[in-house]
1. Which of the residues spanning the range 348-357 are within 10 Å of the ligand (Cβ to nearest atom), outside any helix (DSSP H, G or I) and not hydrophobic (A, V, I, L, M, F, W, C)?
2. Can you confirm whether M461 is touching a residue at least 12 places away in the same chain (Cβ under 8 Å), over 22 Å from Q209 (Cβ atoms), over 24 Å from the mean Cα position of the chain (by Cα) and buried (at least 22 other Cβ atoms within 10 Å of the Cβ)?
3. Examine the range 135-143 for a residue that is at pLDDT 95 or above, among the β-branched types (V, I, T) and away from the ligand (no atom under 16 Å from the Cβ), and state whether such a residue exists.
4. Name, by its number, the condition in (1) assigned to a helix (DSSP H, G or I); (2) within 13 Å of the ligand (Cβ to nearest atom); (3) surrounded by fewer than 23 Cβ atoms within 10 Å (Cβ to Cβ) that does not hold for L360.
5. Being crowded, with 19+ Cβ neighbours inside 10 Å and within 16 Å of the ligand (Cβ to nearest atom) narrows it down to one residue among A366, A407, A451; which is it?
6. Looking at I222, I257 in this structure, which one is in a loop (DSSP other than H, G, I, E, B) and surrounded by 19 or more Cβ atoms within 10 Å (Cβ to Cβ)?
7. If you check L186 against the conditions, is it modelled with pLDDT under 95 and either of a type in the set (A, V, I, L, M) or surrounded by 22 or more Cβ atoms within 10 Å (Cβ to Cβ) (or both)?
8. List the helices (runs of 4 or more DSSP H) that sit entirely inside the range 26-100 and contain at least 2 residues that are touching a helix residue (DSSP H, G or I) at 6+ places or on another chain (Cβ under 8 Å).
Amino acid sequence: MKTISLEEVAKHTSKKDVWVIIHGKVYDLTAFLPEHPGGQKIIMKYAGRDATKAFDPIHPPDIIDRFLSPEVCLGEVDAASLASAPKVETEQEKQLRIAHENKPRLDEMYNAFDFESVAKNVLPPDAWAYYSSGSDDEVTMRENHNAFHRIWLRPRVMVDVAKIDMSTSMLGTKTAIPLYITATALGKLGHPDGEKVLTRAAAKRDVIQMIPTLASCSFDEIVATRANNQTQWLQLYVNSDRTVTQKFVEHAEKSGIKGLFITADAPQLGRREKDMRQKYSQEAPDEMDNDDSFQRDEGAARAISAFIDPSLNWKDVAWFKSITKMPIIIKGIQTAEDAVLAWKYGCAGVVLSNHGGRQLDFAPSAVEILPEVIDALKREGCDPKKDFDVYIDGGIRRGSDIFKAVALGAKGVGIGRPFLFAMSGYGDKGVERLIQLYQDELEMCMRLMGAKTIEDITPDMVDIRNLKDHFVANPTDYLAKHAYEKMQPRGNLSKL
Ligand SMILES: Cc1cc2nc3c(=O)[nH]c(=O)nc-3n(C[C@H](O)[C@H](O)[C@H](O)COP(=O)(O)O)c2cc1C
């Protein structure tokens, strides 16, 4: 392969002639520029230089070989010139380094919120924006956790709670605690090892990991990281090209995946404005400013999700059942009616979820609809304890949240952001500690509630009379408020 010096690469920085370096190889991306699903701006930002750090988190490792013709690879960057290039720490890198150096010790982290506040400091702004954002006004995102505050507990005493056993089984797998690490895309935004961190920590703590379709690591890498007997599930975004989906599902089944979770709540990606704004703030050459293609440059989320098939519907379940023996679970159910349909179409279960408040703002929290889902299933003759698994996710931040979900009939709960935040601040050890903290909190909650085992956690242990009461704190509309105040006649104001 031809060797090319850094100086040579640095000469190719215009839209009509753009080269970038990725993993030591030099690519001519001029022809690909208008087709890049993430927009042109981000490529131009790295024109003539090394784009590896920005490339890695949001692209599967084999994507270049799959989508670009071999001729675009011009050669390898000269190792000597790479080694001698001055390593300049940008102001942002410096701030993040200092934040990492000054973060609390791991044993000073006591709950999921602690990890979130550390992550906010140690994550680069684009990663924080992608992980933390919800859609629109983020009302649903906040409601997800707030809903748990409207469920109160009815503790039973004088029960022998010397020994607590919180182990359970989910889709036939014995697991240490009724929680699983749910699918969250782009793990490498938070940690160079991406989803593999979650795999390793899940193995250590005996919990299940759901692998996302849009992982930063390749599916095979994540599967290869699996320990003996570790259970992994797959979250599936269905591709408009069903042959791609079929191949992926068959490959997953052969690779030992134990459950197929089809995401149904994202026929179009929600507007996550934090994430979108972050992309708009990327520096790019002035010549790009009037470029219409910027319209497509709408944040990490949109860049990676263009392939998702909006025509996915209930009839497709039969097709999935014809191509795989894995249990099929629909992720993103938001009403009792749809939970019942999933049961009728022969799915093995559902995840009540609003995608962590990242899709439809004002969709209900999963825990709010859980009681009506369980009732509706029972009315149809389905026993959600035996025949059909109901999981929930969204806003689960405390062991008592898990307790409440189980009391209301959930087989288990999925947890997303907290694990990303723990991974971003502290890697494997952070994720392991967070699982331990959830275990400690759930153990205490079970003991104080008089429930020795998961089976002992029953609906009469929770008071849900206020669950349906929504008190939504609206974000202040400064513009409207300002205009309204201006309209006040001065005289009246002084009399108030
Ligand atoms: C950064 C991020 C990425 C996500 N990516 C996916 C995804 O690729 N597929 C999917 O089905 N759900 C995805 N989700 C939704 C999660 O699976 C889950 O529904 C949600 O995170 C649960 O809420 P929580 O973060 O409050 O625990 C993502 C959530 C976050 C926060």
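1. Hits for the range 348-357 are S353, N354.
2. No; evaluated as a whole, the condition is false for this residue.
3. Checking the range 135-143: not a single residue is at pLDDT 95 or above, among the β-branched types (V, I, T) and away from the ligand (no atom under 16 Å from the Cβ).
4. (1)
5. A366
6. I257
7. In short, yes.
8. So the answer is 41-45, 52-58, 79-84.
The values are calculated or read from the model by the stated rules, or taken from the named source; none is laboratory data. Predicted model only: the values in this text are computed from it and were never measured. Ideal geometry is used to build each Cβ from the backbone, glycine not excepted, and the neighbour counts take in all protein chains shown.
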